[in-house]
């Protein structure tokens, strides 16, 4: 496997990555004790995304609140690796993983073990003030670890000024975007709103798009049927969660009808 898996995904029109938001995993406060049920849930959600026409899937430990800032425990990594492997084996789409809040090294280890196509890193470079405290990007160690693990097939998708956080200082945006690609070596930049399900700021997205100079830019929150045409004109694709859930609520399962309607709306965009 090579990073061409992600390149194939991003070339897909529409390049939509659907979220598999997991309930609480073993060891976290809200875990209810049935791990096999979580695996079945993840497989069902992934199947729904495939049938609806999504181009990729991302697994995330949404239910593990309150989140560790950076280093999740071993049981979380083990659980995510098992789930990721099962999801990947049972569908034909590229699969990625995000380990909240910002355990990029765990995500990479899972991706290498399960032969996933990509990871999402909320804070790859710079520093941000979050509800978990101050988190610092560690691109330097992550990319070296990827090299050491022969994980070159794993693309790194990095948030810029990520949701549920504020940058420690404001920097020149064009320079920041350039450094994401050239100094942090990310494969794509993700632009979000202020929180999960919140629409991105079009002016900010436009500035990131211009600074990226043709390199991949993804929308990371707030894409809906109603705004798909406007937003996807400024991006290469989107990561979608809340808007395709039952009643549009992030904690609910995916509603196939809503997922299909979004894919249909995106396919109509010229």
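The values are calculated or read from the model by the stated rules, or taken from the named source; none is laboratory data. Since the structure is predicted, the reported quantities are computational estimates derived from the model, not experimental observations. Here Cβ is always computed from backbone atoms with ideal geometry, including for glycine, and neighbour counts include all displayed protein chains.
Could you grab me the full set of residues in segment 167-207 that are under 30 Å from residue 21 (Cα atoms), touching a helix residue (DSSP H, G or I) at 6+ places or on another chain (Cβ under 6 Å) and not in a loop (DSSP other than H, G, I, E, B)?
Answer for segment 167-207, where residues must be under 30 Å from residue 21 (Cα atoms), touching a helix residue (DSSP H, G or I) at 6+ places or on another chain (Cβ under 6 Å) and not in a loop (DSSP other than H, G, I, E, B): 177, 189, 191, 207.
For segment 229-243, give me the residue count where each residue is crowded, with 16+ Cβ neighbours inside 10 Å and either in a loop (DSSP other than H, G, I, E, B) or in contact (Cβ under 8 Å) with a residue 60 or more places away in the chain (or both).
Total satisfying the criteria: 9.
For segment 114-131, how many residues meet the condition of being assigned to a loop (DSSP other than H, G, I, E, B) and under 18 Å from the mean Cα position of the chain (by Cα)?
7
Give the residues of segment 79-113 that are surrounded by fewer than 23 Cβ atoms within 10 Å (Cβ to Cβ) and outside any loop (DSSP other than H, G, I, E, B), sorted by residue number.
81, 82, 85, 86, 88, 89, 105, 109, 112, 113
Select, from 116, 49, the only residue that is crowded, with 24+ Cβ neighbours inside 10 Å and over 28 Å from residue 130 (Cα atoms).
Checking each option against the conditions leaves just 49.
Based on this model, can you work out whether residue 18 counts as touching a helix residue (DSSP H, G or I) at 6+ places or on another chain (Cβ under 6 Å), modelled with pLDDT of 95 or more and not in a loop (DSSP other than H, G, I, E, B)?
yes
Tally the residues that are assigned to a loop (DSSP other than H, G, I, E, B) and either modelled with pLDDT under 95 or closer than 16 Å to residue 181 by Cβ (or both), restricting the search to segment 132-150.
Counting residues in segment 132-150 that are assigned to a loop (DSSP other than H, G, I, E, B) and either modelled with pLDDT under 95 or closer than 16 Å to residue 181 by Cβ (or both) gives 1.
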